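Peer 1: Pasting a structure below so you can have a look.
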Amino acid sequence: MSVKPATKEITFKSLGLNPALIKALDAQGITNPFPIQAATIPDAIAGHDILGRGQTGSGKTLAFGLALLHNIYGMRAKAHQPLALVLAPTRELAQQIDEVLRPLARSVGHECVVIAGGMPYGKQVNALKKSISIVVATPGRLIDLLDRKDIRFDHLEITVLDEADQMADMGFLPAVKEILNQTKKGGQRLLFSATLDRGVDGLVKQYLTEPRSHSIKEIEGTKDKAEHYVFVYRQGDKSNIINQIAAREGKTLLFVRTKRGADKLASNLAHVGVKVGTLHGGKSQAVRTRTLARFKDSESAVLIATDVAARGIHVDGIDLVVHIDLPADHKDYLHRSGRTARAGESGKVISLATHQEQRTMAGIALRAGVETWVMAVTPMDEKLVKIAGARTPSGVPTPEAKEKVVSKAPERGGGPRPKGGRKRKRVGNDQTRSKRSAPRAKRAK
């Protein structure tokens, strides 16, 4: 993380944090708290419920993670009965939280496990048998395990809701309430959210007891650290403009509306020589994890994502976000755009719009509270190069593009025919096996 510390005078020691945790932080080179950590940790380790308001990239994971570990220090979990629960909206975010907490937890004798859909039940259940102290979970899979009696909250001391507004956006509030209703009465609850609308304020009133509220100005102002542009293009130029932006140096995140649109764009870019990763709900968890890891570890990479999949993208160093398809509303615009200018860094946000879409985009920007530079662009013009870093792609298809061409060959008639010399009849996207038995029945007559 690269968020600037609150002040040089404030240290984790001055916040009252356990010395064992301070030693573990020192080993990672983390010496001063970020603003949200300095604000929330003292109240959290004193046992108060916390309402923390701040954007992605503010250092919230360590804010609740350090307080959580401090408060369960010296305790021991029982099989199937964790001491602490962290709820997150997506598998990717749950895994990133786990990556931050795991080494710190081990330094004070605790272990973490991720409980999320798209991952094997068996491994999760076996982990719970080993007296895991901290569970980081998505709501759906956690309810499954609660129903199966594989996890109980008899000894749960602390519950954390991270990105509560995103859970509301994704329709998880009924599941979150069902989980909270089963947690230990009188247990500590920490809720972190960028906003309090869409039912989040209801969660606060119903489940938090006299919470200490903290809203950090430095965090609320992160959208001002990004430069926002609207590139108005002629319809026939869109593909070339996208190709040239994607060929730039740096970490680039491209947003589209649909899974099909993401796959189509990835194929187009691969064929002009731009290597890309794709993140959407149609990908398996293993593929999504590998794709996000490659993007995170690369200094220069391109990732295409849909809105839902992007809930798990918490990666520093993204210097350009491009709205290939305009967002549905200003909230989606801010969420997408918030992937850049994180952790105190700067970044750029570009929205591609036709002349007809300009008025729609102006309304989105107004409601989002951002000022945009609107300009007409053409392929490889001066503005496109200077602002977006556009380059002409190599034109040499990537290995991924070639693999896709080979895999599609049988569908065009270039591959071997099924036995009997006839192709199977296709209905929609699925081959109908039942048709194979029809000729045999006819011959029997």
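Peer 1: Name the residue, out of Val274, Val302, that is in a strand (DSSP E or B), surrounded by 20 or more Cβ atoms within 10 Å (Cβ to Cβ) and either at pLDDT below 90 or touching a strand residue (DSSP E or B) at 6+ places or on another chain (Cβ under 8 Å) (or both).
Peer 2: Unique residue meeting the criteria: Val302.
Peer 1: Something else about it: Can you confirm whether Lys386 is at pLDDT 90 or above and either more than 23 Å from His323 (Cα to Cα) or open to solvent by 80 Å² or more (accessible area, probe 1.4 Å) (or both)?
Peer 2: Answer is yes for this residue.
Peer 1: Do we have any residue at all in segment 116-124 that's closer than 22 Å to Asn18 by Cβ and assigned to a helix (DSSP H, G or I)?
Peer 2: Among the residues of segment 116-124, not one is closer than 22 Å to Asn18 by Cβ and assigned to a helix (DSSP H, G or I), which makes the answer no.
Peer 1: Does His330 meet the test of being touching a Leu at 6+ places or on another chain (Cβ under 9 Å) and crowded, with 19+ Cβ neighbours inside 10 Å?
Peer 2: No; evaluated as a whole, the condition is false for this residue.
Peer 1: Do we find that Leu320 is within 14 Å of the chain's Cα centre (by Cα), surrounded by 22 or more Cβ atoms within 10 Å (Cβ to Cβ) and either part of a strand (DSSP E or B) or free of Cβ contacts under 8 Å to residues at least 12 places away in the same chain (or both) in this structure?
Peer 2: No; evaluated as a whole, the condition is false for this residue.
Peer 1: Against the conditions (1) under 21 Å from Ser394 (Cα atoms); (2) surrounded by fewer than 21 Cβ atoms within 10 Å (Cβ to Cβ); (3) basic (Lys, Arg); (4) touching a residue at least 12 places away in the same chain (Cβ under 8 Å), where does Lys259 fall short? Just the number, please.
Peer 2: Answer for Lys259: the failing condition is (1).
Peer 1: Pairs needed: first member in segment 173-187, within 12 Å of Phe153 (Cα to Cα); second member anywhere, of a type in the set (A, V, I, L, M) and assigned to a loop (DSSP other than H, G, I, E, B); C-beta distance under 8 Å; at least 6 residues apart or different chains.
Peer 2: Thr183/Leu156; Lys184/Leu156; Gly187/Leu156
Peer 1: Let me ask you something else. Which of the residues spanning segment 312-328 are farther than 25 Å from Gln244 by Cβ and touching a helix residue (DSSP H, G or I) at 6+ places or on another chain (Cβ under 7 Å)?
Peer 2: Passing the criteria: Gly312, His314.
Peer 1: Further question: Hey, among the residues in segment 72-121 that are in contact with an Asp or Glu (Cβ under 9 Å, 6 or more places away or on another chain) and basic (Lys, Arg), which one's farthest from Thr138 (Cα to Cα)?
Peer 2: So the residue we want is Lys78.
Peer 1: Would you check which residues across segment 211-241 are at pLDDT 95 or above and acidic (Asp, Glu) and list them?
Peer 2: Asp237
Peer 1: Tell me which residues, restricted to segment 154-169, are buried (at least 18 other Cβ atoms within 10 Å of the Cβ) and outside any helix (DSSP H, G or I).
Peer 2: Leu156, Glu157, Ile158, Thr159, Val160, Leu161, Asp162, Glu163 - these are the residues of segment 154-169 that are buried (at least 18 other Cβ atoms within 10 Å of the Cβ) and outside any helix (DSSP H, G or I).
Peer 1: Determine whether segment 348-358 contains at least one residue that is touching a helix residue (DSSP H, G or I) at 6+ places or on another chain (Cβ under 6 Å) and part of a helix (DSSP H, G or I).
Peer 2: no
Peer 1: State which residue pairs qualify: first residue in contact (Cβ under 8 Å) with a residue 40 or more places away in the chain and inside segment 377-395, second residue of a type in the set (Ser, Thr, Tyr) and open to solvent by less than 60 Å² (accessible area, probe 1.4 Å) in any location, beta carbons under 7 Å apart, and separation of 6 or more residues or different chains.
Peer 2: Between residues of segment 377-395 that are in contact (Cβ under 8 Å) with a residue 40 or more places away in the chain and residues that are of a type in the set (Ser, Thr, Tyr) and open to solvent by less than 60 Å² (accessible area, probe 1.4 Å), the close pairs are Val377/Tyr233; Ile387/Tyr229.
Conditions (1) of a type outside the set (Ser, Thr, Tyr); (2) at pLDDT 90 or above; (3) out of contact with any Gly (no Cβ under 7 Å at 6 or more places or on another chain), marked per residue:
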| site | (1), (2), (3) |
| --- | --- |
| Leu254 | yes, yes, yes |
| Leu269 | yes, yes, yes |
| Thr278 | no, yes, yes |
| Ala309 | yes, no, no |
| Gly317 | yes, no, yes |
| Asp325 | yes, yes, no |
| Thr340 | no, no, no |
| Ala353 | yes, yes, yes |
| Ala362 | yes, yes, yes |
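Peer 1: May I ask you to verify whether Ala105 is over 17 Å from His314 (Cα atoms), open to solvent by less than 40 Å² (accessible area, probe 1.4 Å) and in contact with a Cys (Cβ under 6 Å, 6 or more places away or on another chain)?
Peer 2: So Ala105 passes the test.
Peer 1: Going by the conditions given, is Ala266 open to solvent by less than 20 Å² (accessible area, probe 1.4 Å) and touching a strand residue (DSSP E or B) at 6+ places or on another chain (Cβ under 8 Å)?
Peer 2: yes
Peer 1: Here is a list: Ile97, Ile151. Which entry is open to solvent by less than 10 Å² (accessible area, probe 1.4 Å), within 27 Å of Val204 (Cβ to Cβ), β-branched (Val, Ile, Thr) and in a loop (DSSP other than H, G, I, E, B)?
Peer 2: After ruling out the rest, the residue left standing is Ile151.
The values are calculated or read from the model by the stated rules, or taken from the named source; none is laboratory data. Only a predicted model underlies this, so the values are computations on that prediction, with no experimental measurement involved. As a convention, Cβ positions derive from the backbone with ideal geometry for all residues, glycine included, and neighbour counts pool all protein chains shown. These accessible areas exclude ligands, DNA and RNA; they are computed on the full protein's heavy atoms, side chains included. Shrake-Rupley method; radii C 1.70, N 1.55, O 1.52, S 1.80 Å.
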